[in-house]
1. Among (1) at pLDDT 95 or above; (2) of a type outside the set (Lys, Arg); (3) surrounded by 16 or more Cβ atoms within 10 Å (Cβ to Cβ); (4) not in a strand (DSSP E or B), which single condition is GLY139 missing?
2. Determine if the range 251-270 includes at least one residue that is out of contact with any His (no Cβ under 7 Å at 6 or more places or on another chain) and part of a strand (DSSP E or B).
3. Which residues, taken from the range 151-161, are over 19 Å from TYR223 (Cβ atoms) and either open to solvent by 10 Å² or more (accessible area, probe 1.4 Å) or basic (Lys, Arg) (or both)?
4. Does PRO148 satisfy the criteria of being open to solvent by 20 Å² or more (accessible area, probe 1.4 Å) and closer than 20 Å to ARG255 by Cα?
5. Kindly provide the set of residues from the range 159-191 that are among the charged types (D, E, K, R) and free of Cβ contacts under 8 Å to residues at least 60 places away in the same chain, ordered by number.
6. Quick check on GLU202: is it assigned to a helix (DSSP H, G or I), at negative phi, under 18 Å from the mean Cα position of the chain (by Cα) and exposed (fewer than 14 other Cβ atoms within 10 Å of the Cβ)?
7. Identify the single condition in (1) over 19 Å from the mean Cα position of the chain (by Cα); (2) over 21 Å from ASP175 (Cβ atoms); (3) buried (at least 20 other Cβ atoms within 10 Å of the Cβ) that ASP18 does not satisfy, given that it satisfies every other one.
8. Please enumerate the residues belonging to the range 219-235 that are closer than 27 Å to ARG23 by Cα and open to solvent by 20 Å² or more (accessible area, probe 1.4 Å).
Amino acid sequence: MPEARFTAACVQMRSGRDPAANRDAAVAGVREAASRGAAYVQTPEMTSLVERSRERLFAHVTAEEQDQTLAALRETARQTGTVVQIGSIAVRSGDKIANRAYLIGADGAILASYDKLHLFDVDLPSGERWRESATYSGGACAVLAETPWATLGLTICYDIRFPALYRALAEAGADVLTAPACFTRQTGEAHWHVLQRARAIETGAFVISAAQGGLHEDGRETYGHSLIVDPWGRVLADAGGAEPGIILAEIDLARVAEARARIPSLQHGRPFTIERVSSQAQAAHQAAQQATE
């Protein structure tokens, strides 16, 4: 039977343009978290490289089999005996790149991988323009992954804005949802905490999200605030804004059962249709009612 409790950690990073330096920072963060008692450690989205230039990005990205960050963190997981979730790394996928998360077992084996489903194509009021679809290929499959303690639902960053994905993962058995991110500072200040807590409350699940934070070498600024949220929506740990660091919290799976028993909304979903009523139909209905009066 799975254990009911474990200590989870998030490694908050500020990845730059040097994959080797980012790899070393991620390895050091995982080792520190493990030394502080973490059995599961998560790194942020784009752990190995944060780069806005498509040309520079492609110059550094390799196939999965050659990725040095993946290899190093697999070895680190094996050496420390921890389960490591790489929030994501960029790997070659045909003529585009996959934004891919990896769950690595305590023996260093890859337990699961997940390609980000929803791509961030937006124009922000600040003038920032993002077109992930120009570079990245979106995933097509949601992923549940078993660990010794819990069933994880794997997601990445922009996915957090699509609640149907999290409900589907929870209904399929996830009791911990993960949303590692490279959230922009502007959108993070407005929405990050609300979205993380909302997904936890809606599903009665823990939400664990390591984040990038601060001003990066490519000019982007990310929000930070890696979070661990419990199934009642309480923030158990918050890494704060810009600085790299480690947060830890105890994950007690009994809280999942407790929250879902108190508010059993996952059991109360019902199929429905949508009826669109036009203004002309409304006017005709009102006229018919007036005629009978």
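1. (1)
2. Within the range 251-270, one or more residues are out of contact with any His (no Cβ under 7 Å at 6 or more places or on another chain) and part of a strand (DSSP E or B).
3. The answer is THR151, and nothing else.
4. The answer is yes for PRO148.
5. ASP159, ARG161, ARG185, GLU189
6. Spelling it out, it is not the case that GLU202 is assigned to a helix (DSSP H, G or I), at negative phi, under 18 Å from the mean Cα position of the chain (by Cα) and exposed (fewer than 14 other Cβ atoms within 10 Å of the Cβ).
7. That leaves (3) as the condition not met.
8. Residues satisfying the conditions are GLY219, ARG220, GLU221, TYR223, HIS225.
The values are calculated or read from the model by the stated rules, or taken from the named source; none is laboratory data. Note that the coordinates shown come from a computational prediction; the quantities given were computed from them, not determined experimentally. Positions of Cβ are generated from backbone atoms using ideal geometry, with glycine treated the same way; all protein chains shown enter the neighbour counts. SASA here: full protein model, heavy atoms, side chains in, ligands and nucleic acids out. Shrake-Rupley method; radii C 1.70, N 1.55, O 1.52, S 1.80 Å.
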